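Quick note: the coordinates plus some simple rules give every number you see, no bench work behind them. On a predicted model such as this, the values are computed, not experimentally measured, just so you know. No Cβ is skipped: glycine too gets one built from the backbone with ideal geometry, and neighbour counts run over all protein chains shown.
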2 protein chains.
Amino acid sequence: MKVRDIGEFGLIERLSRGVPGGPGLVRGIGDDAAILEATPGAQWLATADMLLESVHFDLSFTTPEQLGRRALVANLSDIAAMGGRARFALVSLGLETDTDLEIVDGFYRGFTEEASRWGVILIGGDTIRSPKGMIIAVTVLGEVEPGCAVRRDGARPGDLLLVTGDLGGSAAGLAALLSEPSALSGLDARHVQEVKARHLAPEPRLREAEIIAAAGATSMIDVSDGLANEANHLARESGVSMVIDAESIPISEATRAIAEALAHDPLDWALNGGEDYELLFTAPPERVDALADTVRTQTGTSVEIIGRVERGRGCRLDKDGVRSVLSLSAYDHFV
Amino acid sequence: MKVRDIGEFGLIERLSRGVPGGPGLVRGIGDDAAILEATPGAQWLATADMLLESVHFDLSFTTPEQLGRRALVANLSDIAAMGGRARFALVSLGLETDTDLEIVDGFYRGFTEEASRWGVILIGGDTIRSPKGMIIAVTVLGEVEPGCAVRRDGARPGDLLLVTGDLGGSAAGLAALLSEPSALSGLDARHVQEVKARHLAPEPRLREAEIIAAAGATSMIDVSDGLANEANHLARESGVSMVIDAESIPISEATRAIAEALAHDPLDWALNGGEDYELLFTAPPERVDALADTVRTQTGTSVEIIGRVERGRGCRLDKDGVRSVLSLSAYDHFV
């Protein structure tokens, strides 16, 4: 069955049927606007993202469920990067009239399953006809204790620069998905599976972020556009300089194996790849060991020191004894 | 200059430069998520809408400023329909790389000017490349006193059904914009101007809504998809029936004149036209006169009784002594 077979009202009814409520929700889907109650004293966080078919995702190798999860994870990661707790989501969808209902159902199933993992409630959105390709716009609202949000502008000279997990895995996964199978034939199948999953089913670092924020991180950002861009954002917003040690950047064995097979520099994926959704943050040196230990113990996620904050402007990369300017990634959505 | 000439980061910097802050905003554009503070004790309202070029708007007769206003008004109208106060907005834009920067600047100028009229602060969003056509996704957050939101499910048998302003004007304006000039040549130019403005520069009824909510309206919805659809939504959500008197539906002289010139039934525009952004609501009979007087006196906007709420289901239209079922509009975005 296609979207046109049930029409707009059929679609809205179908979508709103299975949506669970939860704490803080007074009135959800079905009115002009949702009605919400905040945790007393909390500040709100709000973030929005847009994804387009053929620009940001490809339904030929992404399942609708994975797409639903990813569309939400991008926003959850933004809430994580503030040290907040995600609470509510709105999703607006543009669909072609001959889109299979299975795709729509799968998208919402993935979206709501990922949402319920984090206690997030779907509260509204919009559904419109798209002449060509699927369009997804997600807004997520979160909460944080007043004054406890970790912003981009708090890094201070003397702080260390740290990152959760490892980088470049999602870009390696995308490259693997786009490769001829023969190009990967000599590889350990687990490595190929690992990087594909990194791209198709990324994990938002909400629990890690909460620990990092509580441990006194001075600034934080999520790595959605590669380390080079995100480090530059932190440096600019904080009015400081960052020096990164290339050898310390965590890159997984799987990412390195895919890079070797495809003759790509794994460091490029770490610096300029997209959608890793790891957390890049700064903290005073005396807090770093305890912080990293707590994150590892409580979540199983590694935390590595990859550089330090200095006076000045911009970012530099130390590699093989050579220091170079680490500029914003060459990749630009509009160029 | 085109979007590609300044790139993604240039665009974000350009957009965030002129954006004013305001009460309740702790941190706006420039971080992973905005940080907000609610008015103590208030409930939040949240709504989202998506607009696509060639489906919902046409830049050949809509200026970028008008488009920016309209994109926001659709959401402001949803907050109004709950009796709330609009506070914050997020806007995500998909732009072609060769979009003129004048269009982007005009859009944001219109958006932020309309926002500042209502004390609404732009707090974030996303900017991405669209392969074809402009894509706009807006989320608006509002506030309401706890328990005071006017929902769609409160209409009770015995209530009267009322509407602000007049209906069908936006559809008449769109028809006028799409007509050959010769088809309108015999008309009063003020009538043509009036309906075009109704389509291109609609007014959200936020002040009217606040008065209506305070006066004890039992249910309310904004008329974005025509009276037939909206009356059916109220009836279904409230579990009641509505009977509408066709003669009482307010249709302006200008709308009637355009309809006559284009050989269209003006009642069809009122029942099935889009984007009027008037308020349709129910109230107990004893409150109606004072309510309508207060709205007229304080805002200049008329309020008319167009029907009544009965036991049962669905909506009926009394016209020329004949009662017919008023079903959901034949127009469906997906069919």
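Rounded to the nearest 10 degrees, the angle from helix A:101-117 to the longest Cα principal axis of chain A is 50 degrees. Label-to-label distances for A:G239 across copies, nearest first, come out at 6.1 nm, using points 7 Å from Cα in the beta-carbon direction. Label points for A:G158 are taken 7 Å from Cα along Cα→Cβ. From this copy to the others they lie 7.3 nm apart, shortest first.
When N counts the residues of region A:160-325, how does its alpha-carbon radius of gyration compare numerically with 2.2 N^0.38 Å, as a ratio? Present the calculation step by step, with values, prior to reporting the outcome.
On the way: Rg = 15.9 Å, N = 166, 2.2 N^0.38 = 15.3 Å.
In units of the globular-protein estimate, region A:160-325 measures up at 1.04.
Using the alpha-carbon centroid of each, what span in Å lies between region B:47-111 and region B:155-206? Their Cα centres are 19 Å away from one another.
Net charge near B:R323: determine it from the other residues with C-beta under 11 Å of the C-beta of B:R323, scoring Lys and Arg +1 and Asp and Glu -1. If you can, show how the numbers build up before the last one.
Details: positive: B:R316, B:K319; negative: B:D245, B:D318, B:D320.
Result for the local shell: -1.
Put simply, region B:3-144 fits an ellipsoid with semi-axes of 25, 18, 12 Å; these come from the alpha carbon gyration tensor as the roots of five times its eigenvalues, largest first.
Once R0 is set to 41 Å, what does the formula 1/(1 + (r/R0)^6) return for the Cβ-Cβ distance between B:R323 and B:T297, expressed as a FRET efficiency to the nearest 0.05?
Working: r = 35 Å, r/R0 = 0.85.
Calculated transfer efficiency: 0.70.
Backbone N atoms of region B:129-143 closer than 19 Å to the 7 Å Cα→Cβ label point of B:L177 belong to residues B:133-138.
Counting from the shortest, the label point at B:G314, 7 Å from Cα toward Cβ, is 7.3 nm from the same position in each remaining copy.
Which value at 222 nm does the protein assembly as shown reach when only helices count, each DSSP H run of 4 or more adding -39,500 (n - 2.57), with the total divided by all residues and rounded to the nearest 500 deg cm²/dmol?
Values: 20 runs with 246 residues, N = 670.
Helices in the protein assembly as shown give a 222 nm mean residue ellipticity of -11500 deg cm²/dmol.
Bridging of B:K319 to lysines at a Cα separation below 30 Å is possible for B:K196, once same-chain residues fewer than 8 apart are set aside.
Can you put B:R129, A:R109, B:R151 in order, fewest other beta carbons within 10 Å first?
Working: B:R129 19, A:R109 15, B:R151 23.
Lowest to highest Cβ neighbour count: A:R109, B:R129, B:R151.
Taking the C-alpha atoms only, the angle from helix B:64-80 to the longest principal axis of chain B is near 50 degrees. Local charge for A:R109 was computed over the other residues whose Cβ lies under 11 Å away, with Lys and Arg +1 and Asp and Glu -1, and equals -4. Between the Cα long axis of helix A:285-299 and the first principal axis of chain A there is an angle of about 40°, rounded to the nearest 10. For region A:131-198, taking the reciprocal of the average inverse distance between every pair of different Cα atoms yields a Kirkwood hydrodynamic radius of 16.7 Å. Bridge orientation summary for region A:3-144: considering DSSP beta bridges with both residues in this region, about 70 percent are antiparallel. The convex hull around the C-alpha trace of chain A, projected and averaged over every direction, spans 18.2 square nanometres. In this label model, B:T97 and A:A214 are separated by 4.6 nm, measuring between points 7 Å along each Cα→Cβ vector.
Computed from the alpha carbon positions, the gyration tensor of region B:66-161 leads to an equivalent ellipsoid with semi-axes of 32, 14, 11 Å, biggest first. Got the relative contact order for chain B handy, in percent, Cα pairs under 8 Å and 6 or more residues apart? Relative contact order for chain B comes out at 21 percent. Values of log10 I(q)/I(0) for the protein assembly as shown across q = 0.08 Å⁻¹ run -0.62, by the Debye formula with one identical scatterer at each alpha carbon and no solvent.
I want the local charge near B:S252. Using Cβ-Cβ distances under 9 Å, sum +1 for each Lys or Arg and -1 for each Asp or Glu among the other residues.
-1
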